[in-house]
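This report refers to the structure that appears directly beneath it.
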């Protein structure tokens with residue numbers, strides 16, 4: 001059998017928890033050090049956090065389909081190529097970009113980093129708890145739907161070699177090294193069960209393929 005757990009999107013905030021914790025520690029160290037470069041260090045940490053935050057917010061806001069992802073990467077590659085082509089002492093593209101980022105002066109206090117680490121961690125914990133209470137178990141001849149495993153709420157659907165469909169609606173979620181997430185649709189006889197944000201989806205797909213290709217028959221001999 002295989003257990004499939006559907007998560008909230010808040011599970012994708014786990015890297016932001018780690019980033020916020022690490023930057024909070026660095027901010028504490030740099031804040032206590034009375035050095036001239038302290039301000040620039042704080043601005044660098046703030047810039048790292050903001051870019052990381054924007055990246056993971058894109059997972060929540062947009063669905064990065066194949067066409068959207070390829071189009072964005074192609075556009076980015078064109079801009080980078082044009083930047084290298086026109087970059088010159090009279091028109092310093094990369095130097096101007098570097099100065100612009102440095103002029104942003106984004107600074108967050110150590111308390112802010114630790115606050116967001118706790119907040120993002122709490123959101124991810126809610127998703128983790130929910131995935132342990134609401135999940136689906138697939139066997140070769142039936143599907144068990146647990147709506148609240150704490151109180152034993154379960155629905156059994158008799159099936160023979162259930163048809164399982166695997167989709168990758170978001171390329172960032174799928175190629176993220178921590179998650180490899182996607183969507184699984186279980187086509188039952190009377191309805192379809194949709195499970196979003198399933199982690200390590202290819203590993204689950206391989207197991208369901210073996211379940212779908214196997215058939216067990218029990219023979220009882222009389223006498």
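Every number in this text was worked out from the coordinates using simple rules, so none of it is lab data. What you see is a predicted model, and the numbers here were worked out from it, not measured in a lab. Reconstructed Cβ throughout: ideal geometry from the backbone, glycine too, with neighbour counts over all protein chains shown.
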(request) With everything on Cα atoms, drop me the angle between helix 110-133 and the longest principal axis of the chain, reported from 0 to 90° to the nearest 10. (result) 10
(request) Only helical DSSP H runs with n ≥ 4 go in: add -39500 (n - 2.57) per run for the chain, normalise by residue count and round the 222 nm mean residue ellipticity to 500 deg cm²/dmol. (result) -17500 deg cm²/dmol
(message) If neighbour count is taken as other Cβ atoms inside 10 Å, put 110, 98, 9 in order from fewest to most.
(response) 98, 9, 110
(request) May I ask you to derive the FRET efficiency for residue 166 and residue 129 from their Cβ-Cβ distance with R0 = 25 Å, giving the value to the nearest 0.05? (result) 0.50
(message) Can you tell me the length gained on complete extension of the stretch residue 86 to residue 209, counting 0.36 nm per residue apart and subtracting the Cα distance?
(response) 39.1 nm
(message) Sort 187, 41 by Cβ crowding within 10 Å, fewest neighbours at the top.
(response) 187, 41
(message) Order 69-79, 189-199 from most to least packed using the mean count of other Cβ atoms within 10 Å.
(response) 189-199, 69-79
(message) Can you order the peptides 100-109, 21-30 by their average number of other Cβ atoms within 10 Å per residue, highest first?
(response) 21-30, 100-109
(message) Can you give the FRET efficiency to the nearest 0.05 for residue 73 and residue 158, using r as the Cβ-Cβ distance and R₀ = 35 Å?
(response) 0.15
(request) Once you have the Cα-Cα distance between residue 65 and residue 147, take 0.36 nm times their residue separation minus that, and quote the gain in nm to one decimal. (result) 26.5 nm
(message) Would you work out the Kirkwood radius for the chain? I mean one over the mean of 1/r across all pairs of different Cα atoms, in Å.
(response) 21.3
(message) On C-alpha positions alone, give me the angle between the axis of helix 38-61 and the longest principal axis of the chain, in degrees, nearest 10.
(response) 30
(message) What do you get for the angle between helix 14-32 and the principal long axis of the chain? Use alpha-carbon atoms, 0 to 90 degrees, nearest ten.
(response) 30
(request) For a quick protection proxy, order the peptides 59-66, 81-88, 126-133, 168-175 by their average other-Cβ count within 10 Å, most packed first. (result) 168-175, 126-133, 59-66, 81-88
(request) Evaluate E = 1/(1 + (r/R0)^6) for residue 103 and residue 58, where r is the Cβ-Cβ distance and R0 equals 22 Å; express this FRET efficiency to the nearest 0.05. (result) 0.35
(message) As a footprinting exposure proxy, order 16, 1 by other Cβ within 10 Å, with the fewest listed first.
(response) 1, 16
(request) With a/c under 1.5 counting as rounded, go ahead and sort the range 12-122 into rounded, prolate or oblate using the C-alpha gyration tensor (a ≥ b ≥ c being the square roots of the eigenvalues; past the cut-off, prolate if a/b is larger than b/c, else oblate). (result) oblate
